[in-house]
Amino acid sequence: MKSELTFSEANDWRPDSWQRKPAAQQPHYADPAALKRVLAELSRLPPLVTSWEVESLKQQMAEAAQGRRFLLQGGDCSENFIDCESGAIASKLKILLQMSLVLVQGSHKKIIRVGRFAGQYAKPRSTDTETRDGITLPSYRGDLINRPGFHSADRTPDPEFLLRGYERSALTINFIRALIDGGFADLHHPEYWELGFVHNSPLAAEYTRMVETIGESLRFMETLTGNTIAEMNRVDFFTSHEGLHLPYEQAQTRQVPRRSGWYNLCTHFPWIGNRTRQLGGAHIEYFRGIQNPIGVKIDASIRPEDLLRLCDAINPGNEPGRLTLIHRFGIHRVEKAFPPLISAVQQQGKNVLWCCDPMHGNSETTSTGIKTRRFEKILGELEHCFHLLKIQGAHLGGVHFELTGDNVTECLGGASGVTEADLGRAYHTAVDPRLNYEQSLEMALLLARLMAQEHSSK
Ligand code: PEP
Ligand code: CO
């Protein structure tokens, strides 16, 4: 497979130029005319985000890459259409707001909040098909494509789901914007974000202390200046999803008045998954041409020279804030795999934001066949990344978690001690196991401590 772009190819980008390249992880639609009709409809619908927001996020990401902000990205592995309802959306927003408040305290930096939501509906799979009791059907690829049930009708990709996914993304983002604009994210009122069971949590006291300290600081500043601190009345929130289904992403790729270039306007921050980041592949081709800030997932198999090629392909101008490397090595591989990649990027002066995803390299299956992740391994990878970057004079610019504001039992461990026996009780994810509310808050508290040590040792 070719990895370098020729001059004419580099200048020859179009929203559909990815179609000339091999595209991994794409569904097969039996009726191409139906797909075409849906895509035409999608490309006429109004966008979900604006180029101003996208550019503002890119600017903030550039500051995070320089160590002046910190990125918190989190949400479900895969959103489901059925969970597009107010309670589930509000509780995801609440936990991300709570975590960001804790991180502000620890890091003394502004936090960039990015949800894995309002479009996280397409999933890469390790095999195209699944066989049960001698019956083979296409794999479930997320609600944007097909259904998880094991009947032929469930698993047949239906192009209409692209429209349903787009509409639910719009409903989700509309509700989030309304909550935020209505004052839900006001730092003067963190009590709005309390989840029902917070008071039962062993972490409640530490969190409440932090909230009180922030409240006191706000009131102190406001007394001093005689004004309310307007910026504290609301916080920004951005959306992200894996840009996996290329026809869907293409349909929302637009030019806007008074700006050059093309924007993907169905999300602020699309990322390329670890399974679709091949140099010379269709995903890199599509992503290199859009103006959004871009994430790329990387694991221990990437060689330093290929990582540099990837940086050149996605970010030939070395624009700060453009490229976030979301690394997911796994606790057993991180110490060996990460340092050579950091060195290569440092030596070549590439502008990247290092964002640790401590979830995807740490999945395991229990003896009873349940997919899970252990809190201590997730935390361990995060700590390693933090220190490995620091040793080399770089720094961790963000974190990426699979989490939910609900009281699920999908990951093991944490202060509340989820055991293997608990996994059956509230295991709801359709794909990967998520940190529950308490585990997420605890993770944020521990990360904040790590960052506070860093801050006080300066
Ligand atoms: C994911 O983020 O859900 C995912 C599939 O991750 P990765 O591409 O890193 O495997
Ligand atoms: Co996942």
Go through (1) touching a residue at least 24 places away in the same chain (Cβ under 8 Å); (2) within 16 Å of ligand 2 (Cβ to nearest atom); (3) out of contact with any helix residue (DSSP H, G or I) (no Cβ under 9 Å at 6 or more places or on another chain) one by one and return the number of the condition residue 299 breaks. (3)
Note on residue 438: of the conditions (1) closer than 29 Å to residue 81 by Cβ; (2) modelled with pLDDT of 95 or more; (3) acidic (Asp, Glu), unmet is (2)
Of these, 306, 357, 312, which one is of a type in the set (Asp, Glu), on the phi < 0 side of the Ramachandran plot, modelled with pLDDT of 95 or more and in contact with a Lys or Arg (Cβ under 6 Å, 6 or more places away or on another chain)? 357
Among (1) in contact with a Ser or Thr (Cβ under 7 Å, 6 or more places away or on another chain); (2) away from ligand 2 (no atom under 16 Å from the Cβ), there is one condition residue 436 misses while meeting the rest; what is its number? (2)
What about residue 72, is it crowded, with 20+ Cβ neighbours inside 10 Å, within 18 Å of the chain's Cα centre (by Cα) and farther than 30 Å from residue 393 by Cβ? no
Pairs, first touching a residue at least 12 places away in the same chain (Cβ under 8 Å) and farther than 26 Å from residue 34 by Cα in the range 163-179, second surrounded by fewer than 22 Cβ atoms within 10 Å (Cβ to Cβ) and among the polar types (S, T, N, Q), C-beta under 9 Å, six or more apart: 175/86
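Matching residues to (1) within 21 Å of residue 430 (Cα to Cα); (2) within 16 Å of ligand 1 (Cβ to nearest atom); (3) surrounded by 14 or more Cβ atoms within 10 Å (Cβ to Cβ):
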residue: 85; (1), (2), (3): yes, no, no
residue: 89; (1), (2), (3): yes, no, yes
residue: 93; (1), (2), (3): yes, no, yes
residue: 97; (1), (2), (3): no, no, yes
residue: 128; (1), (2), (3): yes, yes, no
residue: 143; (1), (2), (3): yes, yes, yes
residue: 149; (1), (2), (3): yes, no, no
residue: 159; (1), (2), (3): yes, no, yes
Filter the range 52-99 down to residues that are within 16 Å of ligand 2 (Cβ to nearest atom) and not in a helix (DSSP H, G or I) and give me whichever is nearest to residue 263 (Cα to Cα). 73
Close pairs from the range 425-453: first within 26 Å of residue 79 (Cα to Cα), partner within 16 Å of ligand 1 (Cβ to nearest atom) and assigned to a helix (DSSP H, G or I), Cβ under 8 Å, at least 6 apart: 435/378; 443/378; 443/382; 447/382
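Results for (1) farther than 30 Å from residue 110 by Cβ; (2) touching a strand residue (DSSP E or B) at 6+ places or on another chain (Cβ under 7 Å); (3) modelled with pLDDT under 95; (4) more than 16 Å from ligand 2 (Cβ to nearest atom), shown as yes or no for each residue.
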site: 223; (1), (2), (3), (4): no, no, yes, yes
site: 254; (1), (2), (3), (4): no, yes, no, yes
site: 270; (1), (2), (3), (4): no, yes, no, no
site: 278; (1), (2), (3), (4): yes, no, no, yes
site: 287; (1), (2), (3), (4): no, yes, no, yes
site: 291; (1), (2), (3), (4): no, yes, no, yes
Taking the criterion of being part of a helix (DSSP H, G or I) and touching a Phe, Trp or Tyr at 6+ places or on another chain (Cβ under 7 Å), would at least one residue in the range 13-23 satisfy it? yes
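Residue-by-condition table, conditions (1) assigned to a helix (DSSP H, G or I); (2) in contact (Cβ under 8 Å) with a residue 24 or more places away in the chain; (3) of a type outside the set (Asp, Glu); (4) out of contact with any Asp or Glu (no Cβ under 6 Å at 6 or more places or on another chain):
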| position | (1), (2), (3), (4) |
| --- | --- |
| 249 | yes, yes, no, yes |
| 263 | no, yes, yes, yes |
| 278 | no, yes, yes, yes |
| 305 | yes, yes, no, yes |
| 308 | yes, yes, yes, yes |
Any chance the range 84-97 includes a residue that's farther than 16 Å from residue 175 by Cβ and more than 15 Å from the chain's Cα centre (by Cα)? no
Going through the range 293-317 one residue at a time, which ones are polar (S, T, N, Q) and in contact with a strand residue (DSSP E or B) (Cβ under 9 Å, 6 or more places away or on another chain)? 315
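The values are calculated or read from the model by the stated rules, or taken from the named source; none is laboratory data. Everything numeric in this text was worked out from a predicted model, so none of it was measured. Quick reminder, even Gly has a Cβ in these numbers, built from the backbone with ideal geometry, and neighbours come from all protein chains shown.
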